[in-house]
1. For residues in region 9-44 being in contact with an Asp or Glu (Cβ under 6 Å, 6 or more places away or on another chain) and at pLDDT below 95, which is farthest from Glu85 (Cα to Cα)?
2. Can you pull out every residue in region 128-148 that is crowded, with 19+ Cβ neighbours inside 10 Å and either in contact (Cβ under 8 Å) with a residue 60 or more places away in the chain or charged (D, E, K, R) (or both)?
3. Test Ile115 against the stated conditions and say whether it is closer than 15 Å to Ile15 by Cα, over 10 Å from the mean Cα position of the chain (by Cα) and among the aliphatic types (A, V, I, L, M).
4. I need the full set of residues from region 130-180 which are out of contact with any Gly (no Cβ under 6 Å at 6 or more places or on another chain), farther than 21 Å from Ala228 by Cβ and not small (Gly, Ala, Ser), in order please.
5. Just the residues that are touching a residue at least 24 places away in the same chain (Cβ under 8 Å), crowded, with 20+ Cβ neighbours inside 10 Å and not in a loop (DSSP other than H, G, I, E, B), please, taken from region 166-183.
6. Only one of these conditions is not met by Ser195: (1) exposed (fewer than 15 other Cβ atoms within 10 Å of the Cβ); (2) in a loop (DSSP other than H, G, I, E, B); (3) in contact (Cβ under 8 Å) with a residue 40 or more places away in the chain. Which number is it?
7. Pairs needed: first member in region 1-17, within 20 Å of Ala106 (Cα to Cα); second member anywhere, among the small types (Gly, Ala, Ser) and assigned to a strand (DSSP E or B); C-beta distance under 6 Å; at least 6 residues apart or different chains.
Amino acid sequence: MTQRSILAGTNPNVIIKAGGSVTVKGHKSDTVTAETKGMWGLKVEKRSEAEIARARAAIGEHVLFDVRLKKPNREGNDQPDDVLEVQIGGSGEVLVPFGSNVKVYAGKDIDARNIKGQVDAYAGFELNLQDVHCLGNASAGWTMNIDCQTMIGKDVTFSAGSDLRFHVADLTSARLRVKDLGGYWEARIGAGEKSVYLKSGGDVTLVTDQKVEPLPPDYVLGKIEKPAAA
C-alpha cells in the first residue's frame, strides 16, 4: 500500500484524478491524505492556480480534464489560492479537511461524503455524494445518487447513464425538467426561480419535502419521494 500526506489548511482546493475508483471523505484534520493498494502510482503535490492554467493551455484545445476550481469567497479566509492535486493511477481513498472544495474525476466510481465545502464530480461509472454541503457540477456514466444541502447555479443540468436519485435539501424554488425511461415531465417547486434539468438513461427519483406542482401540457409527475427522517 502506498500513502502520501500533505499539509493543506482547513479550506483547501483539492483536485483528485483516479484511473479507477476513489472514495473521498472529510476528516477533522488540516492534511490531505491519499492511499492506494494498486501498483499504478500515486502522486500528491501542491500547485498554484496559474500553474494549473498553464498546464491546461499546453495540452491544447481538446482536453480530458477541465481542472479550473474556483474557491468560494469566505470572510476571514486568508489562505493562498493554491491547488492540491492528487493523482491515483488505479483506485484509492483520499481524506480531506472538512471544509475542502473538491473536484473529482474517476474512470470508474466516486464515493464522496462528509464534506462541508463544494464538490464537483465526474464518474465514468457510479457516483455517490452523501452529506455534502454544496453540489457543483456532476455527471455519471452509470448511476448517480445525490444527497446535498445546497447547490450552485440557477440553470443546471445533471445527467446519468442509468438511475439518478436527486436530493438537494434547500431546493425550495425551482422549475424541474426530467427526462428518463418513463418519458419527459415538468414540475415546479415554489416560485420556480432555479432551472434544474435531470437526464437519465434509467429512472429519475426526485427526493424533496416540498410540494411539487405538475406543469402543462400533460400535468404528469414522475417518481417523487420524501427524505428519510433524520
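1. The initial filter retains those residues of region 9-44 that are in contact with an Asp or Glu (Cβ under 6 Å, 6 or more places away or on another chain), namely 9-10, 15, 21, 23, 35.
Filter once more, so that each one left must be at pLDDT below 95: 9-10.
Working: Gly9: 14, Thr10: 16 Å.
Applying the filter and picking the extreme gives Thr10.
2. Scanning region 128-148 gives a single hit, Asp147.
3. On the way: closer than 15 Å to Ile15 by Cα: yes; over 10 Å from the mean Cα position of the chain (by Cα): yes; among the aliphatic types (A, V, I, L, M): yes.
When the stated conditions are applied, Ile115 passes them.
4. Across region 130-180, the qualifying residues are Asn137, Lys154, Asp155, Val156, Thr157, Arg177, Lys179, Asp180.
5. Phe166, His167, Val168, Leu176, Val178, Asp180
6. Only one criterion is unmet by Ser195, namely (2).
7. Arg4/Ala34
The values are calculated or read from the model by the stated rules, or taken from the named source; none is laboratory data. Just so you know, these numbers come straight off a predicted model, no measurement behind them. FYI the Cβ positions are ideal-geometry reconstructions off the backbone, even for glycines, and counts take in every protein chain you see.
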